[in-house]
Each structure stands twice: as structure tokens, then as C-alpha cells.
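Comments concern the structure below.
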Amino acid sequence: MQSSAGFTFEKLFVIVLVAVVLVGFYVAWTHTTDAGNLLVIGGMALVVSALFVRTGKLPRITPKKVAYSIAYIGYLFVAIVKSNLDVARRVIQPKIPINPGIVVVKTRLKSPVGRMILANSITLTPGTLSVDVKGDHYYIHWIDVTDMEEEGATEKIVAGFEKYLEVIFG
């Protein structure tokens, strides 16, 4: 059923649901209980949800995707910690052991959202930076290039992230 404002009840439900989830993340992150704060954040979450939610393009949520999403967050956290320790180790050595360069890696991901999350995950990991994306190729600045070949660099930089993102986003 279509309302006069062009919203379906399904879209309105999704907008409110997304806003509630956003407010939930805000509360979990900030531990706030101030009613004024929550009112402002709730209003902003509704505006953001109304602007960006498209009910026709919502991904199908399955228990497997939820499990892989949780596992991905854990994998990303471990990768960030390991990379931080590696970069810190390099910095405190008398002669900084780096071999910087830009390598080309290839992704199997088809989803634009999955590709964006992959690029951001690579950048979040210290020692690597997504410089450019052209089609299914990423140009990555790497603090210590150990493999200039596309296949080897892809295995070392991208494969761990892709294993999860392929299931989540396709």
C-alpha cells in the first residue's frame, strides 16, 4: 500500500528499523543515556535513514551472512592489531626495515559495497593503503613489498578479507 508521501509501509518500517539500529550503535559506542542526546541522535538517524535507505536494494540477510559479518569484524580487528605491532616493530629498530612500493592486487568481489569495504579494510590496516581502484584491480601502497607479482600480493593483502566479504556481499 502506497501512502500519499510516496512511502510504502515497508519502506517506512525499514527507515525506522535502520534509525533504531543506528541509535543502538551510538548508545553502545558512547554509553549515553541522556534523553536530549538520544532525541537529537534519533532525529538525525531518521533523516539519514530516509535519505539513504532504498528498500528495493536491501541485501538478503541470512544467518550465514550474520555469522560471517561477526567473524569479519574479528578478523579485521586481529589484522589491524598485527599490522600495528609490525609497523611499531619497524619504527623502533635502529635502521627502519622497509621496502615501500605500490603493488597491484585483484579482487574477485562483484558487489560495489563489498569492494568499498575491502578498500577501506586494506587502508585501515597499518602498512597498507588503497591508492586507486580500476575495475577489479586495486593499487596498494605497501610498507614492505615482499611480492611484486599480482597473484602473490593478492594472496598476502586481499585473500583474508575476501574470504569473508564474498559470503557477505557476493
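Some observations on this one:
- Residue pairs whose Cβ atoms lie under 7 Å apart, separated by 6 or more positions or on different chains, with the first residue in region 25-48 and within 21 Å of K11 (Cα to Cα) and the second among the hydroxyl-bearing types (S, T, Y) and assigned to a helix (DSSP H, G or I), are I41/Y26.
- Unique match (being among the β-branched types (V, I, T) and farther than 24 Å from I70 by Cβ) among T146, T107: T146
- Restricting D147, D136, D132 to residues that are surrounded by 13 or more Cβ atoms within 10 Å (Cβ to Cβ), of a type in the set (D, E) and either within 16 Å of the chain's Cα centre (by Cα) or modelled with pLDDT under 95 (or both) narrows the list to D147.
- Every residue from region 119-129 that is surrounded by 15 or more Cβ atoms within 10 Å (Cβ to Cβ), in contact with a strand residue (DSSP E or B) (Cβ under 6 Å, 6 or more places away or on another chain) and among the β-branched types (V, I, T): I122, T128
- Residues in region 37-69 that are surrounded by fewer than 11 Cβ atoms within 10 Å (Cβ to Cβ), within 17 Å of the chain's Cα centre (by Cα) and farther than 14 Å from V21 by Cβ: there are none.
The values are calculated or read from the model by the stated rules, or taken from the named source; none is laboratory data. The structure displayed is predicted, hence computed values, not measured ones. Positions of Cβ are backbone-derived with ideal geometry, glycine not excepted, and every protein chain shown enters the neighbour counts.
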